[in-house]
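A quick write-up on the structure given underneath.
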Amino acid sequence: VQLQASGGGLVRAGDSLRLSCTASTYGRYIMAWFRQAPGKEREFVASISVNGGATQYAESVSGRFTISRDNAKKAAFLEMNSLKPEDTAVYYCAARFEIYIDYNYWGQGTLVTVSS
């Protein structure tokens, strides 16, 4: 599975941004977003189940970010609202099949910069 992330950019604090992740093939995999800020380790942001019925969020983004997916389009999305400067990072989409714990497939990352 190849993942292609897009939608990053430069925004101001309080703005919104929508990231997209498109998969090369359809599969029953959980999709997620991670991010890595400069000088920090990569961290989990959000995940969504195969049918979209279950989602999980990092505490730092809960209530501001929404993950969704469209299986017909082989895509997942991350709607980011009320962005803060601390949300600045490279955002990566990832996928794993349900039987695995670790994410097996990763996109190339898209940069989100939030200015104050």
Top of I101, I48, I67 by mean-square fluctuation, Gaussian network on the chain, Cα under 10 Å: I101
Can you pull out the chymotrypsin sites (Phe, Trp or Tyr not before Pro) in the range 1-89 whose DSSP state is coil and whose Cβ has at most 16 other Cβ atoms within 10 Å? Y26
With only Lys, Arg, Asp and Glu charged, each at its Cβ (+1 for the first two, -1 for the last two), find how big the charge dipole of the range 25-82 is about the Cα centre; round to the nearest 20 debye. 200
Just the number, please: carbon plus sulfur as a percent of the accessible area of the chain, 1.4 Å probe, no ligands or DNA/RNA counted. 47
Average silhouette area of the range 41-116, convex hull of alpha-carbon atoms, in square nanometres: 5.7
Could you tell me how far the Cα centroid of the range 35-75 sits from the Cα centroid of the range 1-18, in Å? 12
Measuring from label point to label point, each 7 Å out along Cα→Cβ, what is the Y100 to N81 span in nm? 3.3
Check the straight Cα-Cα distances from K40 and name the lysines below 26 Å, setting aside those fewer than 8 residues away within the same chain. K84
According to a simple spin-label model (label point 7 Å from Cα along Cα-to-Cβ), what is the distance in nm between A54 and A72? 2.6
Let me spell out the model: positive unit charges on the Cβ of Lys and Arg, negative unit charges on the Cβ of Asp and Glu, origin at the Cα centre of the chain. What dipole size does that give, in debye rounded to 20? 240
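The values are calculated or read from the model by the stated rules, or taken from the named source; none is laboratory data. These figures come from a predicted structure and were not determined experimentally. No Cβ is skipped: glycine too gets one built from the backbone with ideal geometry, and neighbour counts run over all protein chains shown. Heavy atoms of the whole protein, side chains included, go into the accessibility calculation; ligands, DNA and RNA do not. Shrake-Rupley method; radii C 1.70, N 1.55, O 1.52, S 1.80 Å.
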